[in-house]
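Undergrad: Please see the structure below; I have some questions.
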Protein chains: 2
Amino acid sequence: MYETLLMIPGPTRVSSRVLKAMSKSIVNHRSAVFGEILNDTNEMMSEVFQTENQSYLITGSGTAAMEAALGNVIEKGDKILNIVGGKFGERFMQITETHQGIPVELTVEWGNAANPDDVRYILEEEEDIKAVTMVHNETSTGVANPIEEIGKVLKDFDALYVVDTVSSLGGDDVQVDNFGIDICVTGSQKCLAAPPGMAAITLNNNAWNVVDKTKSKTYYLDLKKYRKSGEKTVPETPYTPSVSLMYAMNEALKMIMEEGLEARIKRHEQAAKATINGVKAMGLELFANEEASSATVTAINIPEGMTDKNLRGTMRNKYRIELAGGQDHLKGNVFRIGHMGNITHREIISTIAALEMSLKEYGYEIELGTGVSAVQETYMPGNNTLEFF
Amino acid sequence: MYETLLMIPGPTRVSSRVLKAMSKSIVNHRSAVFGEILNDTNEMMSEVFQTENQSYLITGSGTAAMEAALGNVIEKGDKILNIVGGKFGERFMQITETHQGIPVELTVEWGNAANPDDVRYILEEEEDIKAVTMVHNETSTGVANPIEEIGKVLKDFDALYVVDTVSSLGGDDVQVDNFGIDICVTGSQKCLAAPPGMAAITLNNNAWNVVDKTKSKTYYLDLKKYRKSGEKTVPETPYTPSVSLMYAMNEALKMIMEEGLEARIKRHEQAAKATINGVKAMGLELFANEEASSATVTAINIPEGMTDKNLRGTMRNKYRIELAGGQDHLKGNVFRIGHMGNITHREIISTIAALEMSLKEYGYEIELGTGVSAVQETYMPGNNTLEFF
């Protein structure tokens, strides 16, 4: 009956404005009217990427954009430095293998951020690294990696800097040009608050120089075709795009422009602070190293005596709030709260309140309101100068 | 940017299901396809009224249905007992005057419920009372009147029992047949959780006997025409109805059927309890006599040192939660929280949390979380057996 509140790290709640935009009539995807929408969407996408580059929209999930990034760059036997501190870091490595690259793995303990010095060390030791893959926001662990600092390291080397910002773009600060990111990818359904099914990619000239010399390893994700179609007088996509999702992306990006990217990033920062303060006040432990904690998702250890099934089951079935579980070896040990997209103080307060109630029902000792009051405190004037939060 | 959370006593938040239904293509309002929708909607309306009577939908506000009730019953000089304990009780009296009836006013102090013994006393003293008007839920004061008990009194007299359930139907228990209500009216935008703009009315045989002998005082609201159009092989409305709102009402009523009327009424009861417990724990005072308190709206005295402008302004502009102010002489002294329609524990918790924060910002002494924890307590197992809340 009720809509369940999505507090997972994507897909996130989609506003009625975006849903409404998505329900407009379908137009010909090879027409001036669609060309204008595509152009407009691409331009806003580049603004959110904080880049002068062209951006391209791909009908597919964030993973499709991750594959587009590597599948247009790797030749058989190319060495790729994969920085792996979670499930999505691993995915870049798997894609490297799929396209017959040779992964050089920099393992980062799950819950910690990558260390720029380690990256420099490997680049100095290993010869001919063609590209470095980095996941900005490790959705699986709630860690934000220092993409700016690693970008500084990369300036001293020829390797392309490929960054996955699927669960950070539009919620955390991603300055593609200033951070020296050569290829950046993202997805529609996280901080951008559009429905799932659309991905975006942007490449600078360094990246295009490599792509131009490389035969694409995939047909659907051949970026040269995206560029060519996008350069037509009436811009197009190479294959039929999801027209409805393009409407949705367009509207979602408009809403980001209205809020202002800077304000939006600060709002996410505050939401993360509030969530962290709330769970810590409840006596819960963060999974990730707090200094490395993400602006968009918080991973929390399931307390002793509580099971994942009871915790998330009660949240879902009784309080109609959907949380995410742990992935891979964290399954059953960790749960995750997504606070990205159009989430405000209101949803964080409801979530922390319901979390207190769910835990208390199963015997966790807590005075109701303890976590909530810490969230409230975070948003009180003095701790909060935002206009929208 | 964000959708403001409506915590006012109507219009209430409309679910995306209902909004979606409303955006369907317009059909001919004199066609079999619309006739079926109209029939279906009327039948569900009667289920919610808990009556065997036919119900009729009127494109207009709840006030239109109030006028339809009296404008088809009053002849010049007819005596109408108007029970007046708030703004909407007054409205029935004004409608009585508009149609040249003679109001007999039973004044009830704002904040209190009507006393059935007082009704009996007037009916015994005054001769020829043609109808008694009662507002079930006084939206202006947060009082629920004892419509069942007053119905029992009315059984000993000939007067028609006309009840306004605009802000209670679908949220509080309204048993039209069992309570002996002759004419019952409601609106779309309160507990039914449809958009504003549609009203409904139901009349039993006693009422129709009077209506049949009375020349309607209004053209648009002539109930005999509604009955006649409704009785056609393909049911119709006498004038072009809002087809879109009919779709919305149909979907909103379907959602009520899915939840179950009994469960829905209990959910509202729990929401009222939670709200009252929350504000009392904060040290605030209810405006209405607590024993007479409404299941759908709570009126609260604005505490000393706080202004309505600061309180509701902060709630609206900072926390994006819309509360209602006081009406008429309560303006500036009282604010009101609506907890009707599809409001759940989540919205009540956010509202009470933001209320604490707004008051604290203006110097009201409160420990953050105090009100919220009382709301949480209300919903904890032991105090709450509902499946959906």
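Undergrad: Quick one: angle between helix B:261-281 and the longest Cα principal axis of chain B, in degrees between 0 and 90, rounded to 10, please.
TA: The angle comes out at about 40 degrees.
Undergrad: Using the scaling law 2.2 N^0.38 Å as the reference, what is the normalised Cα Rg of segment A:63-130?
TA: 1.08
Undergrad: Can you list the distances in nanometres, one decimal and ascending, from the A:Asn39 label point to the identical position in each other copy, with the point 7 Å along Cα to Cβ?
TA: Once sorted, the set of distances for A:Asn39 reads 5.3 nm.
Undergrad: Let me ask something else. Dividing the convex hull volume of the Cα atoms of segment B:1-86 by its residue count, what figure in Å³ per residue is obtained?
TA: Dividing the Cα hull volume of segment B:1-86 by its residues yields 197 Å³.
Undergrad: Let me ask something else. Please sort by residue number the trypsin sites (Lys or Arg not before Pro) in segment B:283-373 whose DSSP state is loop and whose Cβ has at most 13 other Cβ atoms within 10 Å.
TA: In loop regions of segment B:283-373 (DSSP not H, G, I, E or B), the sparsely surrounded trypsin sites (Lys or Arg not before Pro) are B:Lys331.
Undergrad: Listed highest first by mean packing, meaning other Cβ atoms within 10 Å per residue, what order do A:13-23, B:78-88 come in?
TA: The most tightly packed comes first, giving B:78-88, A:13-23.
Undergrad: Still on this structure: Based on the alpha-carbon gyration tensor of segment A:146-276 and its eigenvalue square roots a ≥ b ≥ c, which shape applies: rounded if a/c is under 1.5, prolate if not and a/b is larger than b/c, or oblate?
TA: Oblate is the answer for segment A:146-276, as a/c is 1.5 or above yet b/c matches or exceeds a/b.
Undergrad: Now, a different point. Take the Cα pairs of segment B:179-237, get the Kirkwood Rh, then feed it into Stokes-Einstein at 4 °C and 1.567 mPa s and tell me D in µm²/s.
TA: My calculation gives 99 µm²/s for D.
Undergrad: As I understand it, the value is the acute angle between the Cα axis of helix A:116-125 and the longest principal axis of the Cα atoms of chain A; what does it come to in degrees, rounded to 10?
TA: 40
Undergrad: Sticking with this structure for a sec: DSSP beta bridges in segment B:17-258, what fraction antiparallel, as a percent rounded to 5?
TA: 40
Undergrad: Reachable lysines from A:Lys87, Cα under 16 Å, same-chain residues fewer than 8 places away excluded?
TA: A:Lys331
Undergrad: Taking the 0 to 90 degree range and rounding to the nearest ten, how far is the long axis of helix A:243-259 tilted relative to the main principal axis of chain A, both from C-alpha atoms?
TA: For helix A:243-259, the angle is close to 60 degrees.
Undergrad: Further question on the same structure: So which of A:Lys130/A:Lys224; A:Lys20/A:Lys228; A:Lys76/A:Lys190; B:Lys280/B:Lys360; B:Lys215/B:Lys254 end up more than 27 Å apart, counting from Cα to Cα?
TA: Exceeds cut-off: A:Lys20/A:Lys228; A:Lys76/A:Lys190; B:Lys215/B:Lys254.
Undergrad: Take the Cα pairs of segment B:1-156, get the Kirkwood Rh, then feed it into Stokes-Einstein at 4 °C and 1.567 mPa s and tell me D in µm²/s.
TA: Translational D for this selection: 71 µm²/s.
Undergrad: Please compute the Cα-Cα pair-distance distribution of the protein assembly as shown with 10 Å bins starting at 0, giving whole percents from short to long.
TA: For the protein assembly as shown, the pair-distance distribution reads 3, 13, 20, 20, 17, 13, 8, 4, 2, 0, 0.
Undergrad: Where along chain A is the Cβ that lies nearest the axis linking it to chain B, and how many Å separate them?
TA: Result for the axis mapping A onto B: A:Gly369, 2.
Undergrad: At most 11 other Cβ atoms within 10 Å and a DSSP loop assignment: could you name the GluC sites (Glu not before Pro) in segment A:297-389 that fit?
TA: Hits after loop and neighbour filter: A:Glu304, A:Glu365.
Undergrad: Next up: Antiparallel versus total DSSP beta bridges in the protein assembly as shown: what percent is that, nearest 5?
TA: Taking every DSSP beta bridge within the protein assembly as shown, about 50 percent pair in antiparallel fashion.
Undergrad: In addition: Find the percent of Cα-Cα distances in segment A:292-337 that exceed 17 Å, and round it to a whole number.
TA: Here the tail beyond 17 Å accounts for 31 percent of pairs.
Undergrad: Take every Cα-Cα pair in segment B:17-258 and report what % of them are more than 32 Å apart.
TA: Of the Cα pairs, 16 percent sit more than 32 Å apart.
Undergrad: Sort out for me the Cα centre separation of segment A:1-72 from segment B:234-310, rounded to whole Å.
TA: Between the Cα centre of segment A:1-72 and that of segment B:234-310, the gap is 38 Å.
Undergrad: Ok, one more. If the label for B:Lys232 sits 7 angstrom from Cα along the Cα-to-Cβ line, what are its distances to the same label in every other copy, in nm to one decimal, shortest first?
TA: Values, ascending and in nm: 5.1.
Undergrad: What gaps in nm, shortest first, separate B:Gly305 from its twins in the other copies when you place the label 7 Å past Cα toward the beta carbon?
TA: Inter-copy label distances (nm, one decimal, shortest first): 4.0.
Undergrad: Using only DSSP helix segments of four residues or longer, with each worth -39500 (n - 2.57), what per-residue ellipticity at 222 nm results for chain A after dividing by its residue count and rounding to 500?
TA: Calculated mean residue ellipticity at 222 nm is -12500 deg cm²/dmol.
Undergrad: Contact order normalised by length for segment B:187-306, with contacts defined as Cα pairs under 8 Å and 6 or more residues apart; what percent is it?
TA: 18
Undergrad: Next question, about the same structure. Taking loop as defined by DSSP and a crowding limit of 15 other beta carbons within 10 Å, which GluC sites (Glu not before Pro) in segment A:70-124 fit?
TA: Here the sparse-neighbourhood loop sites are A:Glu75, A:Glu109.
Undergrad: By count of other Cβ within 10 Å, fewest leading, how are A:Asp182, B:Asp177 ordered?
TA: Going from sparsest to densest Cβ surroundings: B:Asp177, A:Asp182.
Undergrad: Using the alpha carbons of segment A:249-389, what is the convex hull volume per residue in cubic angstrom, as a whole number?
TA: Measuring per residue, one finds 120 Å³ for the Cα hull of segment A:249-389.
Undergrad: For segment A:144-194 and segment A:354-389, compute the distance between their C-alpha centroids and round to whole Å.
TA: That distance is 31 Å.
Undergrad: Under 8 Å for C-alpha pairs, at least 6 residues apart: give me the relative contact order for segment B:17-258, rounded to a whole percent.
TA: Answer for segment B:17-258 is 29 percent.
Throughout, read-outs are computed from the coordinates displayed, never taken from laboratory work. Remember, predicted model here, so these are calculated numbers, not experimental data. Cβ atoms come from the backbone with ideal geometry, glycine included; neighbour counts cover every protein chain shown.
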